[in-house]
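Just so it is clear, none of the values below were taken in a lab; they were calculated from the coordinates. Values in this document were obtained by computation on a predicted structure and should not be read as measured data. Reconstructed Cβ throughout: ideal geometry from the backbone, glycine too, with neighbour counts over all protein chains shown.
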Amino acid sequence: MQTQRSLTRPLHRPATGSFLVRVLAWLVAADSAYRQRQHLRRLDDAALRDVGLTRRDAETGGR
């Protein structure tokens, strides 16, 4: 026999929270990548060579 509590509570928690967490994590990662690309674009060629990148790497995000 089921109790009143088990009849009124859902058996599984909706995945909404985990979806929102994933979206927020993606937004944070995308913002971080954008800021890193912007920083690389501001470096001069000598500084880029120091970190092992070319101007093309800086412009394309190292892809």
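Computed extension gain for E59 through S18, at 0.36 nm per residue and net of the alpha carbon distance, reaches 11.4 nm.
Charged neighbours of A47, selected by a Cβ distance under 13 Å, balance to 0 (K, R count +1; D, E count -1). The base-10 log of I(q)/I(0) for segment 18-60, evaluated at q = 0.18, 0.27, 0.30 Å⁻¹, reads -0.56, -0.84, -0.95 [Debye formula, identical scatterers on Cα atoms, solvent excluded].
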